[in-house]
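Comments concern the structure below.
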Amino acid sequence: MTATNNVNDLLTHIFTNLPKQQDNDENLNERRLFPQQLNDFGEYLDNKLNDIATPFPKSSFEYEENRIGPSTTNLNLYSATGIVQCTRFDYTGIGSFNTARADVCVFRGKWQYEVLLETRGVMQFGWCTIKCHFSQEIGVGDTWTSFSYDGGRIRKWNVQNSKYGDSWLAGDIISCLIDCDEGTISFKRNGVDLGIAFENVPCGKGVAYFPAISLSQNERIKINFGSRPFRHPTLNYLPIDEKPQLFIEQASFLFDIFEQVIYLGKYQKFNGSNKNTNSLKFSQIRTMSDPKNDAILMIIAQQIMERLCPLLASSYIIQQCFIPMLLRLNHESLHSEHTEISLCLDYLWAFLQSNDLLNILIQLFHSLNILYFFEPIQLTFDQQRQYLYLLYSILKHEDTRKLSLESIFFLKVKLPLFIDIKPPDSDLLKQIIPDGWAKKKLNMNDLERDLSCLSTCRKLKDDLKSLENIQIEILKLLLTPSDVLQHPPSSKFLFITKFRLFLKENLSDSPLHNFQPGIIRNFFHRLLHVLEYYWNQYHEIKSFDEGHESSLPFDAAYVPSQKFIDNNFDYFNLQRLGGVQSHLEKEYSADVKRARSLGTSFLSRAFSDQSSRHDDMSDLVNGRDRYRHQLGYNLKSPNATGSESLTELLDGLILLYHVGVHKHYLKVAEVIDSLREYNESLTDIDNKLMNCRDDCPEIRDELLRSKKIFEQQTEDLTRKIAWITMHVFSHEKRRDIVILHRCVYRTLQIASEAGNLFSFVPEIYLNDIYLNTFTALNVYYPTEESGISREMAGDFVQFIANHMQDTRIVNSDVRDNMTQSLSAFCFYSGSLRALEGMREYNRTVLIRALLTPYANRPWAMTNLILVRFWKGCGFGFRYSQAYPSKFIQSLRKDRVQDSSPSIKYQQEIGRYLSNNIDDAIGFLNSLLGQLNWAFSEFMGLLKDLVPTKSRYMPTIEHRQMKICSTCFDVTVSLLRTIEMTICVAPIIMLDKHSTKSEMLLIRLLQLLGQIINRLATKNYVLEDIERLKMYALDNIQPYPIFSAVCGILVYLINRTSTETSSRACRAIYNEVDLDLSCLHRLIYDSDSDASNSASSSSSSSPHFTLISQPEINRSEAYDLDELYRKLNDTYQMLAKTTKKSDDNDESICIICYSHQIQAEFRPCKHQACLSCINMHFMTSKECFFCKTHVDQVVDLITGRVIDSIKPNENNTKDK
């Protein structure tokens, strides 16, 4: 068989298998006129292309007569208001409100452009005239000659606004249409007509309209004026840019021939086997399998590529012609050879110049990116699946994969968009979840169980899993380590290099590509699965070689501490736990030098196999063959091996969690909170309907209308939460967060054991990753009772306890966040079990950290932990009724544990305080100082809140209300902590032989008396606040604070010895000046004698009475009676025998106005009573008045120096 016959046969097969457009005689004749020899093939193609071009005019009438401007439309950014940033294909608002219009206008005909939303916030799209003058407050639709649609607020704008359209989502496509002949403007969302938005729009002579957009800060869009095919074209409406119909016809002709060449190439590759080449009808198998045909097909492909190259410079041709051909060639399978796609790319690489090839691939990946991300979601995800399969097939081509990683992905095309799955809109969710399914479902575990019963949900979950598997396989290709063997560097090296740059950009304050948190979350989960695959593959090979089990499987992975100091990993100047890295290297230079010389074994306990020597090797199993190659061996970069390690990818995943994953959880939690608020509103409406009178039909109708709206909103939100439960907070995703959390814990724990080098760990590891992943597992994900969960809880509390006061952590905010995380965890079920399960040494460390005097640390959160230990033991401290606290607003109310005190911690706190009296006195003194501050702040703000005759509503700002409510919570928690301290270690305050104990007792009683005297007045200000029904103040109620105050007094007076009780009563009378009528009022709410307590407690009173509260049991009611009786008896007895000093007496101490002046400071000679001096010297060595340092305190009566209160006895060791 000669070469000439081969050429003739191949050309015959190509042209006889071309798609048949028409079956008329002219086309049949043309089919018989195809070239017979290769020399004629190029000329034939040129003639055909010229024939196609002959009937086409240079430009259509509409574009010449009805449009003004350049042939290619762009936004005019030079005249934009604000700052609109353009990054090749995207437009992002940088300023507060940014407006730009196009450089083309239209004045006759029907026109359209499309806006592709990458975010879903406040934006306005539409049309404007040249007369519109915009600013950062005035955008499109805010002037009389501009018109816009805003799906973020569901409004249309033309100076005035009104409801229009639907709420849009990220990934939607908004079509903006104008009919200059009829004077109408309308919009479409994802191809669905939203109706005419504006009629009677001024049109005619001298009036032309420009496309215009307004973007809020960080909102991002793509705009298609016609440079690419419209996703949702409208009949009779033209794109702003003219459709390149000539180029489309020419490209279609060439691609039809090229497609047949590819099929022939595949047939030739398989030696004549027509496997998977169903579109070809081969009659001469012997001829077609001739090896000479490869060269002939290459020559034919070269001629086609030469003519296709200039056409492929257009993104329109890529999307309209090239991608459809690739979809026809592709097999939707992960196990196919994808020979057709590979041959197509081989031809491109063989015959195109490097710059042309790069530009074509950029356009190809960008068009695929748009087609995938902006494809409307359907139940089966068929369209998204076919685009992902095509991307997978393209990336199987090694050269294309490496070029895309080196020059396209992350830089010009957003790879994370391929790994995202958009949430469905409300209409699609209605198809999945039927009406009436939502019944106030707020428990994630119940939601997942109920959803599994719906067949549509099971089908949706299977489809989601299928889509996720394709995305995982795509990332596996991009992280292929074995392709380094022929053409280094490997794909893995290129991916990790670009991935680190991606992290650097997104960890900055103003990233260029501000990805939505949901996109980052999906990227994180897929990438973690790929890392797990390669990690386990590597260790399986290593264990096989060494003849033992894997020493470090993925579920035991960590980042060695060596990586934080060897500078192989770029941490982008992130703050370290010990401060700035340059300072740490100087301060710990000896440790760093020794660690670098000894390697990882100096830092890790037993896992030396994770050193960079092993980690940077990529072993691949292929049957019984094994290939080894040190990645980057032939690269010029000295850090090639280090940057390619699996450990670096693990470190990058940890940073990626901070970039967007936890931010997405916070956004999703807002949906759950909204549903909870709607349910509360529905409950409130139902109560109002029950109490609504029959003679108020208008009120009833309004309530019913509101109820219908809330029910619809609740239904929609429940469907959204159902999607969140299936896709975001599923058990599979929870497993990923568990793996990450345990990895970060091991990293921190091993680093902590490395001594001073713990300071080099990036602060983000502890402050943002470790704490946030633990919060996510406890707050957002379904609860799971398992050994792993209990182990994580135990590890968490043990680590936090050991590092709350760690001096290697220099940033106080980090320690504050640790304390806050622990305090939140204490309220969840099983938390006390984890805390009590710690080793005794760790419990002691935690107690010491909690009881350190409150100085420059988050004492409010620390105090909350102590309160949690006490809740259920204190006086009336069961709280079966819900008393809201601002401290636990962020907690999941359905997971907060009921009152269950920790007796073990109470006992150990008591022992610690009793054995360390100086520490105990310092702690209690700081408690009293904070109590004095918190209550004073609360009362200062409270006076502006109390309604008066001239002012019914409060006059302070909402922020001040929040401060007021927080101060109230702080006051209550401090009182409860003091109650616990007195009960578990009474010796601290009741030791009559200790002057400091006596002073603490008096100071405490003075504060308690102040609270009672100022709050239990006749007008009862707390009840006035309660009647305001304001959400910001709903925690300010009488019971929490009065029960805590009385609980302390009950213990001091009722549950101590007779001598101690009498001493406390006398101190209250002499030192506190407690108004006994106020105490009687808060207990009984009457001015009668205590003997009438039974009748007063049973009578119905409009005011608060502590003894009648359901939280107070019979025994506690008896204690209240005894408390008042003993104080009343003491007051009556002392009133007969004691005559109080005259306040005008010059000998009275001017600090307390209660005692005689007894001592003098030296050298300044200022005077005060011993009580005030003792109390002052617990915290300071300076004079009350002049701030002079005090050397001695002299008794004015005897003239001797008072040794017991010398300044050097001041307790300063905790400072």
* Is it the case that some residue within the stretch 165-175 is among the small types (Gly, Ala, Ser), within 33 Å of the chain's Cα centre (by Cα) and surrounded by fewer than 17 Cβ atoms within 10 Å (Cβ to Cβ)? -> yes
* Qualifying position, being within 25 Å of Ile421 (Cα to Cα), in a helix (DSSP H, G or I) and charged (D, E, K, R), among Asp736, Asp795, Asp813 -> Asp736
* Asked: In the stretch 324-338, which residues are surrounded by fewer than 18 Cβ atoms within 10 Å (Cβ to Cβ) and either outside the structural domain of Gln386 (by TED's automatic domain parsing) or within 39 Å of the chain's Cα centre (by Cα) (or both)?
  -> Pro324, Leu327, His331, Glu332, Ser333, Leu334, His335, Ser336
* Structure fact -> If we take the stretch 344-435, then helices (runs of 4 or more DSSP H) inside it with 3 or more residues that are buried (at least 22 other Cβ atoms within 10 Å of the Cβ) are 354-373, 382-395, 398-407, 415-418
* **Per-region count, the stretch 1007-1019, residues farther than 14 Å from Leu927 by Cα and in a helix (DSSP H, G or I)** => 7
* Asked: For Asp684, are the conditions met, namely being outside any helix (DSSP H, G or I) and either at pLDDT 85 or above or not β-branched (Val, Ile, Thr) (or both)?
  -> no
* Asked: Got a number for residues in the stretch 750-781 being in a helix (DSSP H, G or I), touching a Lys or Arg at 6+ places or on another chain (Cβ under 9 Å) and among the charged types (D, E, K, R)?
  -> 1
* Please state which one of Ile213, Ile185, Ile178 is under 19 Å from Ala80 (Cβ atoms) and not in a loop (DSSP other than H, G, I, E, B). => Ile213
* Structure fact -> Among residues of the stretch 756-782 being polar (S, T, N, Q) and under 23 Å from Met861 (Cβ atoms), the residue surrounded by the most Cβ atoms within 10 Å (Cβ to Cβ) is Thr773
* **For Glu784: the one exception among (1) closer than 26 Å to Ala669 by Cα; (2) in a helix (DSSP H, G or I); (3) more than 21 Å from the chain's Cα centre (by Cα)** => (2)
* Does the stretch 988-1003 contain any residue that is modelled with pLDDT of 80 or more and more than 23 Å from Ile921 (Cα to Cα)? -> no
* Structure fact -> Within the stretch 226-268, of all residues that are within 49 Å of the chain's Cα centre (by Cα) and of a type in the set (S, T, N, Q), the one surrounded by the fewest Cβ atoms within 10 Å (Cβ to Cβ) is Asn236
* To do: Inspect all residues belonging to the stretch 1194-1211 and state whether any of them is modelled with pLDDT under 70, farther than 30 Å from Gly874 by Cα, not hydrophobic (A, V, I, L, M, F, W, C) and not in a helix (DSSP H, G or I).
  => yes
* **Options Tyr1153, Tyr1131, Tyr1124, Tyr1118: the member that is surrounded by 12 or more Cβ atoms within 10 Å (Cβ to Cβ), modelled with pLDDT under 70, over 18 Å from Thr995 (Cα atoms) and among the aromatic types (Phe, Trp, Tyr)** => Tyr1153
* To do: For Lys962, state whether it is outside any helix (DSSP H, G or I) and either surrounded by fewer than 23 Cβ atoms within 10 Å (Cβ to Cβ) or among the hydroxyl-bearing types (Ser, Thr, Tyr) (or both).
  => no
* To do: Being in a loop (DSSP other than H, G, I, E, B) and polar (S, T, N, Q) narrows it down to one of Thr807, Thr844, Thr819, Thr747, so name that one.
  => Thr807
* Kindly check whether there is at least one residue in the stretch 10-20 that is at pLDDT below 70 and either surrounded by fewer than 17 Cβ atoms within 10 Å (Cβ to Cβ) or in a helix (DSSP H, G or I) (or both). => yes
* To do: Taking the options Ile138, Ile213, name whichever one is surrounded by 22 or more Cβ atoms within 10 Å (Cβ to Cβ) and outside the structural domain of Ser315 (by TED's automatic domain parsing).
  => Ile213
* To do: Quickly run through the stretch 128-142 and pick out the residues that are more than 25 Å from Asp90 (Cβ to Cβ) and at pLDDT below 95.
  => Ile130, Lys131, His133
* Tell me, please, whether a residue that is within 25 Å of Val810 (Cα to Cα), modelled with pLDDT of 85 or more and part of a loop (DSSP other than H, G, I, E, B) can be found in the stretch 864-874. => no
* When both residues are 6+ apart or on different chains and their Cβ atoms are under 7 Å apart, which pairs have a first residue that lies in the stretch 377-388 and is under 15 Å from Met325 (Cα atoms), and a second that is part of a loop (DSSP other than H, G, I, E, B)? -> Gln386/Glu332
* Scan the stretch 154-164 for residues that are buried (at least 16 other Cβ atoms within 10 Å of the Cβ) and outside any strand (DSSP E or B) and jot them down. => Tyr164
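The values are calculated or read from the model by the stated rules, or taken from the named source; none is laboratory data. The shown structure was predicted, so the numbers you read here are calculated from the model rather than taken from an experiment. A quick note on method: Cβ atoms are made from the backbone with ideal geometry, for glycine too, and the neighbour counts reach across all protein chains shown.
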